Amino acid sequence: MDVRPYFAVYPEKDNLIHKLVSFAEIPEPPLFTASHAIEDLKEEKVTYIDPNLSPAERVKEAMECLPPDLEAVAETTFKRWTVHDFWKAYKSGETTPLKVAQKFLAAAKDSSDSHLQMGFFINYDAEDILRQATESSQRYDRGTPISVLDGVLVAVKDEIDCLPYPTTGGTKWLHKVRPCTDDAICVKKLRSCGAILVGKTNMHEIGSGTSGINPHYGPTRNPYNVNKVSGGSSSGSAAVVCAGLCPVALGVDGGGSVRMPSALCGVVGFKPTSERLPSSGILPLNWTVGMPGIIAGTIEDVLIVYAAIANDTSRYPYKALLPGFNLPLLKCSHLLSDVKFAKYEKWFNDSSVDIRDCCDDALQKLSKHYGWKTVELTIPEIEEMRLAHYVTIGSECTTFLATHLENINFGEMGYDTRVALRVYGSFSSREYLNAQRIRKRQMYFHNEIFKRADVIVTPTTGVTAYALKSDAFSTGELDYINGAALVRFSISGNFLGLPAVTVLVGYDKGGMPVGLQFIGKPWSEATLLHIAFALQVLLIKSYRKPEVFYDILKGL
């Protein structure tokens with residue numbers, strides 16, 4: 001695909017941003033961050049966790065929230081190995097972290113060989129992985145594992161600092177001007193629990209796209225069909241979890257970048273409330289809309305990692321504003337009562353027929369089994385919100401990169417990234433300010449919605465994974481039709497800082513995964529995870545094995 005004509009001309013006066021953002025008369029004052037007041041949510045079936053506990057202590061508390069018989073809950077023809085499975089295998093002596101690490105390295109090599117070229121990783125260091133695994137094995141030998149995460153494999157998106165690796169942001173140059181000198185806070189917390197950090201996963205260059213096609217490190221292929229996209233920008237993190245290489249991975253979500261690839265790859269993607277997780281040590285490509293997120297095969301594993309990496313009081317400048325830290329009691333035999341889903345029918349249906357059918361069927365199952373209700377309503381000005389988010393994320397990206405762009409060779413960037421930066425750099429201060437006025441306006445709309453319902457429900461994406469096109473592999477991809485469909489339902493989670501989670505609910509006619517998304521009230525992560533777990537319990541027996549899958553624990 002020849003994309004050069006795209007950056008010959010940018011139609012300054014004939015585009016939706018100018019029509020709906022630039023010259024709009026918006027009475028609301030600008031809101032520059034998606035911060036939320038602390039409210040007494042009165043969440044059901046939760047346990048309060050002291051946020052000042054160590055990460056390992058919080059992981060222990062999270063394990064107390066899980067059903068006592070995980071095997072019975074997760075009984076299915078297709079088995080994804082969980083954090084609990086690894087811990088149990090290590091404790092029993094059935095295998096060791098070192099043996100698992102060795103099998104992981106063999107699988108990682110196989111996935112990158114010419115017969116697959118999955119494009120999962122930008123960088124991994126076998127020597128460092130084996131060192132971590134040896135130390136973890138020794139702790140188990142002594143009977144002193146740090147936590148249930150000790151020896152568990154965790155991959156990290158290459159937008160997050162994790163030693164000994166450079167942080168490239170999916171580029172060939174960014175790590176040269178911004179060296180990685182320490183672990184990000186979320187990585188430090190996982191390391192303190194004994195997790196094995198297995199490398200930096202592939203991503204869309206500077207997070208500027210949704211396909212996961214990177215012209216420098218190759219496209220990340222979808223494990224359900226290697227000829228289709230994995231989604232982005234946290235493409236590698238979602239794909240390695242889907243393919244069984246790791247039970248858990250970290251991503252970064254600035255515009256659905258954790259939830260979109262998770263949905264396309266059939267795994268769980270979780271983005272908590274803005275400021276719930278620490279952002280220190282993450283590339284500040286979009287600091288008011290982006291934050292780390294968690295990708296895992298199950299809700300239970302999301303909960304464990306969430307407990308480990310959530311902020312403690314030292315990360316909040318104003319202690320009086322520290323939100324309560326609740327974890328859902330998934331072991332309760334009685335689930336939440338009287339849950340109300342907000343559904344905007346016209347928006348919900350702006351997706352493919354297969355996606356609508358799968359998502360509607362999932363909602364019907366929730367209603368039938370738990371008595372939960374759906375409330376039909378309208379969410380105003382969705383297109384204005386999408387464009388305001390685009391102006392915001394683009395302006396913040398170019399602001400961060402501004403000091404470097406004058407000194408780099410644009411030939412080191414994919415064409416799609418060059419086009420994105422050209423567009424981002426065209427936004428004016430008036431457009432940025434109006435975008436923040438729209439943010440304030442949307443905060444009001446969503447607060448009103450949450451007076452009538454507990455969560456907003458949507459498909460996670462408007463389309464399932466589409467075909468890779470080889471002519472984009474060396475240039476990057478400009479597919480704004482599919483890109484807009486992928487990001488369609490993600491924006492409020494980022495622009496308004498709301499918690500959101502995607503769960504696998506079925507497959508399209510071609511066998512590609514479909515995700516359903518729940519968007520919650522600020523700080524309602526426990527409720528969201530409870531709802532997502534309830535849905536997972538109903539559907540997990542129908543989950544299918546990906547075309548590319550590595551059974552890391554089997555046969556050890």
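The values are calculated or read from the model by the stated rules, or taken from the named source; none is laboratory data. Because the structure is predicted, anything quoted here is derived from the model rather than measured. Cβ coordinates were reconstructed from backbone atoms using ideal geometry, including for glycine residues, and neighbour counts include every protein chain displayed. The protein model used for the area step is the full one, side chains on, heavy atoms only, and it has no ligands, DNA or RNA in it. Shrake-Rupley method; radii C 1.70, N 1.55, O 1.52, S 1.80 Å.
The combined condition, being open to solvent by less than 10 Å² (accessible area, probe 1.4 Å), closer than 20 Å to PRO328 by Cα and in a strand (DSSP E or B), is not fulfilled by ILE531. As for segment 422-432, it holds at least one residue that is at pLDDT below 95, of a type outside the set (S, T, N, Q), surrounded by fewer than 19 Cβ atoms within 10 Å (Cβ to Cβ) and not in a helix (DSSP H, G or I).
Just the residues that are modelled with pLDDT of 95 or more, closer than 21 Å to PRO323 by Cα and either open to solvent by less than 20 Å² (accessible area, probe 1.4 Å) or not in a loop (DSSP other than H, G, I, E, B) (or both), please, taken from segment 48-77. Those that are modelled with pLDDT of 95 or more, closer than 21 Å to PRO323 by Cα and either open to solvent by less than 20 Å² (accessible area, probe 1.4 Å) or not in a loop (DSSP other than H, G, I, E, B) (or both): PRO55, ALA56, GLU57, ARG58, VAL59, LYS60, GLU61, ALA62, CYS65. The combined condition, being open to solvent by less than 10 Å² (accessible area, probe 1.4 Å), free of Cβ contacts under 8 Å to residues at least 60 places away in the same chain and closer than 20 Å to ALA238 by Cα, is not fulfilled by THR201. Just so you know, in segment 462-490 the residues that are open to solvent by less than 10 Å² (accessible area, probe 1.4 Å) and assigned to a loop (DSSP other than H, G, I, E, B) include one that is nearest to CYS265 (Cα to Cα), and it is ALA465. Just to be sure, is PRO328 modelled with pLDDT under 95, open to solvent by less than 10 Å² (accessible area, probe 1.4 Å) and closer than 22 Å to GLU64 by Cβ? The answer is no for PRO328.
Got a number for residues in segment 84-104 being of a type outside the set (Gly, Ala, Ser), in a helix (DSSP H, G or I) and open to solvent by 30 Å² or more (accessible area, probe 1.4 Å)? Step through it out loud before you land on a result.
Within segment 84-104, the first condition is being of a type outside the set (Gly, Ala, Ser), and the residues that meet it are 84-88, 90-91, 94-100, 102-104.
In the following step, the residues that additionally are in a helix (DSSP H, G or I) were identified as 84-88, 90-91, 97-100, 102-104.
Retained after the next criterion (residues that are open to solvent by 30 Å² or more (accessible area, probe 1.4 Å)): 84, 87-88, 91, 98-99, 102-103.
Result for segment 84-104: 8.
Tell me, please, whether a residue that is of a type outside the set (A, V, I, L, M), closer than 17 Å to LEU553 by Cβ and more than 24 Å from the chain's Cα centre (by Cα) can be found in segment 116-134. Looking through segment 116-134, none of the residues is of a type outside the set (A, V, I, L, M), closer than 17 Å to LEU553 by Cβ and more than 24 Å from the chain's Cα centre (by Cα). Of the residues that make up segment 222-231, is at least one within 26 Å of LEU98 (Cβ to Cβ) and either surrounded by fewer than 21 Cβ atoms within 10 Å (Cβ to Cβ) or not aromatic (Phe, Trp, Tyr) (or both)? Within segment 222-231, one or more residues are within 26 Å of LEU98 (Cβ to Cβ) and either surrounded by fewer than 21 Cβ atoms within 10 Å (Cβ to Cβ) or not aromatic (Phe, Trp, Tyr) (or both). The selection criterion, being closer than 28 Å to TYR217 by Cβ and either touching a strand residue (DSSP E or B) at 6+ places or on another chain (Cβ under 8 Å) or crowded, with 23+ Cβ neighbours inside 10 Å (or both), holds for GLY510. Within segment 180-231, restricting attention to residues that are part of a helix (DSSP H, G or I) and of a type in the set (Gly, Ala, Ser), the residue that is nearest to ALA56 (Cα to Cα) is SER192. Close Cβ contacts (under 8 Å, 6 or more residues apart or on different chains) running from residues in segment 480-491 that are closer than 17 Å to ARG356 by Cα and modelled with pLDDT of 95 or more to residues that are among the acidic types (Asp, Glu) and open to solvent by 20 Å² or more (accessible area, probe 1.4 Å) comprise ARG488/ASP350.
Note on segment 376-404: residues that are hydrophobic (A, V, I, L, M, F, W, C) and in a loop (DSSP other than H, G, I, E, B) amount to 2.
I'm trying to understand the selection: among the residues of segment 498-527, which are under 16 Å from MET260 (Cβ atoms) and of a type in the set (Asp, Glu)? Result: ASP508, single match. Are there any pairs with C-beta distances below 8 angstrom linking a residue in segment 327-344 that is closer than 18 Å to THR47 by Cβ to a residue that is open to solvent by 10 Å² or more (accessible area, probe 1.4 Å) and part of a strand (DSSP E or B), with the two at least 6 apart or on different chains, and if so which? Here the result reads LEU327/VAL46; LEU327/THR47; PRO328/VAL46; LEU329/VAL46; LEU329/THR47, each pair linking segment 327-344 to a residue that is open to solvent by 10 Å² or more (accessible area, probe 1.4 Å) and part of a strand (DSSP E or B).
The set of residues from segment 257-268 being of a type in the set (Ser, Thr, Tyr) and either open to solvent by 10 Å² or more (accessible area, probe 1.4 Å) or not in a helix (DSSP H, G or I) (or both) comprises just one member, SER257.
Listed here are the residues, each with its yes/no results for (1) part of a loop (DSSP other than H, G, I, E, B); (2) surrounded by 18 or more Cβ atoms within 10 Å (Cβ to Cβ).
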position: GLN117; (1), (2): yes, no
position: SER137; (1), (2): no, yes
position: ASP150; (1), (2): yes, yes
position: ALA155; (1), (2): no, yes
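Taking the listed residues GLY493, GLY515, the one that is open to solvent by less than 10 Å² (accessible area, probe 1.4 Å), small (Gly, Ala, Ser), closer than 30 Å to VAL423 by Cβ and not in a helix (DSSP H, G or I) is GLY515, with no other qualifying.
For the structure I just gave you, tell me whether ALA34 is modelled with pLDDT of 85 or more, open to solvent by less than 80 Å² (accessible area, probe 1.4 Å) and under 29 Å from VAL419 (Cα atoms). For ALA34, the condition - modelled with pLDDT of 85 or more, open to solvent by less than 80 Å² (accessible area, probe 1.4 Å) and under 29 Å from VAL419 (Cα atoms) - is met. A count restricted to segment 157-170 and to residues that are within 20 Å of PHE104 (Cα to Cα), in contact with a helix residue (DSSP H, G or I) (Cβ under 7 Å, 6 or more places away or on another chain) and not in a strand (DSSP E or B) stands at 2.
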